[in-house]
Amino acid sequence: MISFVGAGPGAADLITLRGRDRLADADILIWASSLVPEEVLSHTKADAAVHDSATMTLEDVLAVYDANPHAAIVRLHSGDPSIYGAIQEQIDWCEAHDRAYEIVPGVSSLSAAAAAVGRELTIPKVSQSVVLTRLAGRTAASMPERESVEAFAAHGATMAVFLSAARPAELQDELLAGGYPAGTPAALVVRASWPDEQIVRTTVGELAEAVKSTGVKTTVLVLVGPALEGTANRSHLYSPSYAHKFRRRSEPGSTVGRPA
Ligand SMILES: C[S@@+](CC[C@H](N)C(=O)[O-])C[C@H]1O[C@@H](n2cnc3c(N)ncnc32)[C@H](O)[C@@H]1O
């Protein structure tokens, strides 16, 4: 079995129980040292063969899979494997070669960054959508034209920008050109959940300077949008006047509130 396991954002206790179990059982581990702290490997058994994907091509990784048809293999990806994890090309190989595989979800850096800044990303009447995206960068050819940061910015929703801290001025320009007002709150979270996690709260208009001030270009997630203001509108779901399957409507001052 080849298990594509989400390592979580960094902290060793933010891997899922299932992910930890797969690591503990792995004969072979391939991990990304540039994105996953070594601490996460503490879950691995001592005699597992460990490969660092930082120096490997896809062909190198597939050669390990090919040479070990009966081994328990864990391919450890940062955060959740389904987000910028480059797992599809590996899954395609598994399906073409009739190899069993599974995906073990992980805590994305998106969740860890939101937790670090202490904000809900979906505030009623402010933003009910989260756009996960990135600047095109060196992968420009693989970026669908309709998916520019500028195009998404026009929605004014919450945005999480991955893989883009190396070009802060371009990021700021696209966010402003798309229509976020310069005063829109933004936050950078560098190495969310790592021991040296860094949080910078800023605005879209000052984003580029804020990114530069960290001196960091990788392992940075940029959150943008009015939801980061942190002012909640009352949710319908938990309002006394909102009834649903598990709770009756209760009028102000009424003691009725629980289902029979
Ligand atoms: C190849 S993508 C992998 C994303 C990952 N699959 C996830 O779910 O978070 C790497 C990018 O994710 C973001 N990232 C990953 N881990 C992070 C962390 N601990 N703190 C902040 N950003 C992180 C950064 O934008 C980084 O450049």
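None of 104, 126, 131, 117 is among the hydrophobic types (A, V, I, L, M, F, W, C) and over 19 Å from the mean Cα position of the chain (by Cα) except 126. Within the range 70-83, being more than 24 Å from residue 221 (Cβ to Cβ) and either within 9 Å of the ligand (Cβ to nearest atom) or in contact with a strand residue (DSSP E or B) (Cβ under 9 Å, 6 or more places away or on another chain) (or both) holds for 71, 72, 73, 74. Every condition in (1) touching a residue at least 60 places away in the same chain (Cβ under 8 Å); (2) outside any loop (DSSP other than H, G, I, E, B) is met by residue 81 except one, and the failing one is (2).
Of the residues making up the range 124-148, those that are farther than 19 Å from residue 175 by Cβ and either surrounded by 16 or more Cβ atoms within 10 Å (Cβ to Cβ) or modelled with pLDDT under 85 (or both) are 138, 139, 141, 142. Which ones in the range 84-120 are away from the ligand (no atom under 14 Å from the Cβ), touching a residue at least 24 places away in the same chain (Cβ under 8 Å) and in a loop (DSSP other than H, G, I, E, B)? 97, 99, 100, 118, 119, 120 - these are the residues of the range 84-120 that are away from the ligand (no atom under 14 Å from the Cβ), touching a residue at least 24 places away in the same chain (Cβ under 8 Å) and in a loop (DSSP other than H, G, I, E, B).
The single condition among (1) over 23 Å from the mean Cα position of the chain (by Cα); (2) outside any strand (DSSP E or B) that residue 51 does not meet is (2).
The set of residues in the range 54-78 that are in contact (Cβ under 8 Å) with a residue 24 or more places away in the chain, farther than 24 Å from residue 113 by Cβ and part of a loop (DSSP other than H, G, I, E, B) comprises 56, 68, 69, 71, 72.
Count of the range 14-37 residues, restricted to those that are assigned to a helix (DSSP H, G or I) and away from the ligand (no atom under 14 Å from the Cβ), is 8.
The condition of being among the small types (Gly, Ala, Ser), under 27 Å from residue 78 (Cα atoms) and in contact (Cβ under 8 Å) with a residue 12 or more places away in the chain holds for only one of 154, 210, 182, 141, that being 210. Taken over the range 161-212, the criterion of being of a type in the set (S, T, N, Q) and under 18 Å from the mean Cα position of the chain (by Cα) is satisfied by 164, 193, 198.
The values are calculated or read from the model by the stated rules, or taken from the named source; none is laboratory data. The shown structure was predicted, so the numbers you read here are calculated from the model rather than taken from an experiment. Heads up, the Cβs are rebuilt from the backbone with ideal geometry, glycines too, and the neighbour counts pull from every protein chain shown.
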